[in-house]
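The values are calculated or read from the model by the stated rules, or taken from the named source; none is laboratory data. Computed from a predicted structure; not experimentally measured. Here the Cβ positions follow ideal geometry from the backbone for every residue, glycine too, while neighbour counts run over all protein chains shown.
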Amino acid sequence: MCGRYVQTTPPEALARLFRTGNPVPNHPPSWNVAPTQDGLVVRFNPETRARHLDPLRWGLVPRWADDPAIGSRMINARAETLAVKPAFREAFRKRRCLVPIDAFYEWYAPTGSRNKQPYAVALASGAPMALAGLWEGWRAPDGTILRSFTVVTTDANPRLKLLHERMPVVVAEADWPLWLGEAEGDAARVLRPFPAEAFSIWPVSTRVNGTKANDPSLLDPLPGVPQVPGLAEGTGPPPALAGASAP
């Protein structure tokens, strides 16, 4: 699953990377994006044929919802049921998006232990990753529109499965046009685990458990944590994220 993530690449850099056409939003970096908070999302406008980069609220609120609070339970959408689940099926057909992130967090509990150790997960290259998402617009009684999104998850690859059975769907750049709806084709074909060797994984402080903690040191490797069997190779922050808290 995906319950917290890092989004620190400047909006200007994301606009260049995803070739968006709208004015670049003024959005602060976050090392601990939590549900119900805003995150930058890339969408495609079929009328203008342009991509947009905008802040939307994390936690999808379906158009038919009576209360936007339902969004707090819609932060993830299972890839296997997108086409049939009422909350997601229309958005899957018409309103797919990309969620650019720099890392996400996952929690691991050793067998027999109630204490969960957080881990950070990033691309070994240090580049931002584009998660598959869905977005929706919900009209409040006063006429205002709340735009929100959810992150699509799938079965975890073999390494990440040591931490959790699910992982967010990472969309390769070649598939961005297909997922956004720019290109014809079966968008469902991108809903698969990203290769295990593409990731760096390392333990971080439990400070990330609190939603108020939000600074670069959240990505610092935590020494002295017994390594999860199978994660040792390729573990540690990529150079682009290592030492992020250094002055």
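Among the residues of the range 14-33, write down those that are free of Cβ contacts under 8 Å to residues at least 12 places away in the same chain and farther than 22 Å from K212 by Cβ. Full working, then the answer.
Step one: of the range 14-33, the residues free of Cβ contacts under 8 Å to residues at least 12 places away in the same chain are 16, 23, 28.
Correct list: R16, P23.
Find the residue count for the range 61-110, including only residues that are in contact (Cβ under 8 Å) with a residue 60 or more places away in the chain, small (G, A, S) and over 30 Å from P216 (Cα atoms).
Matching residues across the range 61-110 total 3.
Select the strands (runs of 3 or more DSSP E) contained entirely in the range 1-71, then report the ones holding at least 1 residues which are under 19 Å from the mean Cα position of the chain (by Cα), at pLDDT below 95 and surrounded by 13 or more Cβ atoms within 10 Å (Cβ to Cβ).
Working: elements: 5-7, 30-33, 38-45, 50-58.
In the range 1-71, there are no strands (runs of 3 or more DSSP E) which contain 1 or more residues that are under 19 Å from the mean Cα position of the chain (by Cα), at pLDDT below 95 and surrounded by 13 or more Cβ atoms within 10 Å (Cβ to Cβ).
Of all the strands (runs of 3 or more DSSP E) wholly in the range 99-198, which have at least 3 residues that are out of contact with any Cys (no Cβ under 9 Å at 6 or more places or on another chain)?
Working: elements: 103-108, 117-123, 129-139, 145-155, 166-168.
Where strands (runs of 3 or more DSSP E) fall fully within the range 99-198 and carry at least 3 residues being out of contact with any Cys (no Cβ under 9 Å at 6 or more places or on another chain), they are 103-108, 117-123, 129-139, 145-155.
Here is a check on your reading of the model: is A83 closer than 16 Å to S205 by Cα, of a type in the set (G, A, S) and more than 15 Å from the chain's Cα centre (by Cα)?
Numbers: closer than 16 Å to S205 by Cα: no; of a type in the set (G, A, S): yes; more than 15 Å from the chain's Cα centre (by Cα): yes.
Considered against the rule, which asks whether it is closer than 16 Å to S205 by Cα, of a type in the set (G, A, S) and more than 15 Å from the chain's Cα centre (by Cα), A83 comes out as no.
Are there any pairs, at least 6 apart or on different chains, whose C-beta atoms fall under 8 Å, with the first in the range 121-137 and under 30 Å from R93 (Cβ atoms) and the second buried (at least 19 other Cβ atoms within 10 Å of the Cβ) and acidic (D, E), and if so, which?
V121/E106; P128/D102; M129/D102
Which of (1) without any contact (Cβ under 8 Å) to a residue 24 or more places away in the chain; (2) within 30 Å of H52 (Cβ to Cβ); (3) of a type outside the set (S, T, Y) is the odd one out, the single condition M167 does not satisfy?
Of everything listed in (1) without any contact (Cβ under 8 Å) to a residue 24 or more places away in the chain; (2) within 30 Å of H52 (Cβ to Cβ); (3) of a type outside the set (S, T, Y), M167 misses just condition (1).
Give all pairs with beta carbons closer than 9 Å in which a residue from the range 172-200 that is among the β-branched types (V, I, T) meets a residue that is part of a helix (DSSP H, G or I); count only pairs at least 6 apart in sequence or on separate chains.
V190/D175; V190/L178; V190/W179
Out of curiosity, is A77 at pLDDT 95 or above, in a loop (DSSP other than H, G, I, E, B) and not acidic (D, E)? Steps first, answer last, please.
Working: at pLDDT 95 or above: yes; in a loop (DSSP other than H, G, I, E, B): no; not acidic (D, E): yes.
Answer is no for this residue.
Out of all the residues in the range 78-114, which are touching an Asp or Glu at 6+ places or on another chain (Cβ under 6 Å) and farther than 30 Å from N45 by Cβ?
none
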